Amino acid sequence: MKPDTPSLPFSDLAHAATGDVLLPGEADYDAARVVWNGMISRKPAVILRCTSRGDIVAGVRFAARHGLAVSIKGGGHNVAGHAVGEGSLMLDLSQMRGVTVDPAARTAWVDGGATWAEVDAATQAHGLATPGGLISETGVGGLTLSGGVGWLRSKHGLTIDNLIAAEVVTADGSVMLASATEHPDLLWALKGGGGNFGVVVRFCFALHPFGPEVMFALPIYLAADGPGPIRFWRDFLADKSDTVASLCEFSTLPESPDVPAEHWGKRCFTLAAIYAGDATEGERVLAPLRELGKLAADFSGRMPYVEAQKLFDPLFPTGAYRCYWKSHLLTTLADEMIDEGLANATASPSDRSISSFWNFGGATARVPAAATAFGDRSFGWMYSLDSVWEKPEDDEKVMGWTRKAWTRFRRHSHEGRLYLNFAGQDADSADLTKDAFGQTYQRLAAIKRRYDPGNMFRFNQNIQPAQ
Ligand SMILES: Cc1cc2nc3c(=O)[nH]c(=O)nc-3n(C[C@H](O)[C@H](O)[C@H](O)COP(=O)(O)OP(=O)(O)OC[C@H]3O[C@@H](n4cnc5c(N)ncnc54)[C@H](O)[C@@H]3O)c2cc1C
């Protein structure tokens, strides 16, 4: 049994749940509240390490009884740190990571605390896949609920476009199936509306034959050599949005034995691309991206899809750095925007920062605006500024620079929209939620009122319940 605090009977929660109940000062409490962004350190009133749907129900009912807000930790990758709410009851789902594949039906049920590493391993065992993200350690929960942008988007759309059903614990502790026939409004809202509507115990995804081998192009050019390769890349992708998912990623070449020493510390860009089809054919199709001038390095090659999904993981260690990420969705990618992206990358105050142009179109663009809470799909590109640095004393310098670069770029944005998984932090993120949803916001607010009228789930891109 756990000790009670003067105000709340946490021992009742410990009796009702099988998972650990962690209070401030207890062993494991501090480890459980760590998230990916090293600059986030918040203290929940209590943490429940859920091991089952029953634990989630017990946690939500306890919170409802005692007026606590609930924060939900899936993979802990949310850059704004929404997983950990100050003074909240935090449901830590990291013990709930099971994946059950039905290869005949081509579906998978995925527990709410799983990461993409578990999903990719389980589905690729059957030669199947569903669109996830670029880093295998990212949680399925947060990534899915705000859209989900990964390497399969050209052929199979966003992660939400493959979400068939979800089992959800809502604010009154009820367990509901959200599907095309049961609570379809809830399923619609989960497809882009974030963690506003309840705790997802399990997601059900459609799977597609994919891999096991893919062609991954990763040629790297020096920023100092100019925007020529990026302009070619943009035009090259124009008729390939159904088969090639790609990003032009600006970064700084590391001091690595895999990089010629003469290039260490230089700003560069990688034209990263995965071909959604036969790897040999992909090697041929993507070859031109590797022939656009003098290469600083080239890590292109055929590899297992599960390996491609983990390739960037070492760049993003949990808790190691301070991070502030923002984005714009873009209609087109004009020369002027490429030049500005390149100039931003060159001027960025941190060598650890990354920024990228991402292509869209293909299967992502074919989903009607009203079909998901994510809304309109007529944007063609995304610009993301992923600022990463080491020292607290550089917070203002790096964040201030990022805000300025993002604000300047806003004139190019697609109807003021951004991607809510890369939305910034605190007030400058919250203020943008309505812009991001556009016309969808009012419909989401009405659904929020139905399933969470008291706004128990408010540590997220928050949607206020309609009055
Ligand atoms: C290194 C890195 C790489 C990334 N790459 C990509 C990428 O390629 N594509 C992309 O689209 N995004 C990417 N992201 C962004 C990522 O999708 C978001 O940060 C997302 O919030 C992470 O999900 P999580 O479960 O790990 O987050 P957490 O921090 O655990 O959760 C964030 C929020 O999601 C909600 N949530 C999580 N699980 C549940 C659940 N089971 N039920 C209800 N609500 C839940 C809650 O509101 C919670 O506050 C990346 C982020 C990082 C840090």
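The values are calculated or read from the model by the stated rules, or taken from the named source; none is laboratory data. The model shown is predicted, which means the values in this text are computed figures rather than measured ones. Note: ideal-geometry Cβ built from the backbone for every residue, glycine included; neighbour counts use all protein chains shown.
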Just to confirm my filter: which strands (runs of 3 or more DSSP E) fall fully inside region 195-250 and include at least 1 residues that are of a type in the set (Ser, Thr, Tyr)? 219-222
Identify the single condition in (1) over 22 Å from the mean Cα position of the chain (by Cα); (2) under 27 Å from residue 243 (Cβ atoms) that residue 396 does not satisfy, given that it satisfies every other one. (2)
Residues in region 157-167: is at least one touching a residue at least 24 places away in the same chain (Cβ under 8 Å), assigned to a helix (DSSP H, G or I), buried (at least 20 other Cβ atoms within 10 Å of the Cβ) and among the polar types (S, T, N, Q)? yes
Which of the following residues is under 30 Å from residue 389 (Cα atoms) and assigned by TED's automatic domain parsing to the domain that holds residue 236: 320, 279, 287? 320
May I ask you to list pairs of residues, at least six apart or on different chains, whose Cβ atoms are under 8 Å apart, with the first in region 323-348 being closer than 26 Å to residue 36 by Cβ and assigned to a strand (DSSP E or B) and the second being at pLDDT 95 or above and of a type in the set (Asp, Glu)? 323/386; 325/386
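Here's the yes/no breakdown for (1) within 18 Å of the chain's Cα centre (by Cα); (2) more than 29 Å from residue 262 (Cβ to Cβ); (3) of a type outside the set (S, T, N, Q); (4) modelled with pLDDT under 95:
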{"position": "296", "(1), (2), (3), (4)": "no, no, yes, no"}
{"position": "299", "(1), (2), (3), (4)": "no, no, yes, no"}
{"position": "304", "(1), (2), (3), (4)": "no, yes, yes, no"}
{"position": "325", "(1), (2), (3), (4)": "yes, yes, yes, no"}
{"position": "339", "(1), (2), (3), (4)": "no, no, yes, no"}
{"position": "357", "(1), (2), (3), (4)": "yes, no, yes, no"}
{"position": "362", "(1), (2), (3), (4)": "no, yes, yes, no"}
{"position": "372", "(1), (2), (3), (4)": "yes, yes, no, no"}
{"position": "377", "(1), (2), (3), (4)": "yes, yes, yes, no"}
Suppose we filter region 120-143 for residues that are outside any loop (DSSP other than H, G, I, E, B) and within 12 Å of the ligand (Cβ to nearest atom); how many remain? 5
Pull up region 439-466, narrow it to residues that are more than 15 Å from the ligand (Cβ to nearest atom) and either within 11 Å of residue 189 (Cα to Cα) or in the same structural domain as residue 143 (by TED's automatic domain parsing) (or both), then point me to the one that is surrounded by the fewest Cβ atoms within 10 Å (Cβ to Cβ). 446
Does at least one position in region 234-246 carry a residue that is over 30 Å from residue 378 (Cβ atoms) and either in the same structural domain as residue 349 (by TED's automatic domain parsing) or in contact with a strand residue (DSSP E or B) (Cβ under 8 Å, 6 or more places away or on another chain) (or both)? no
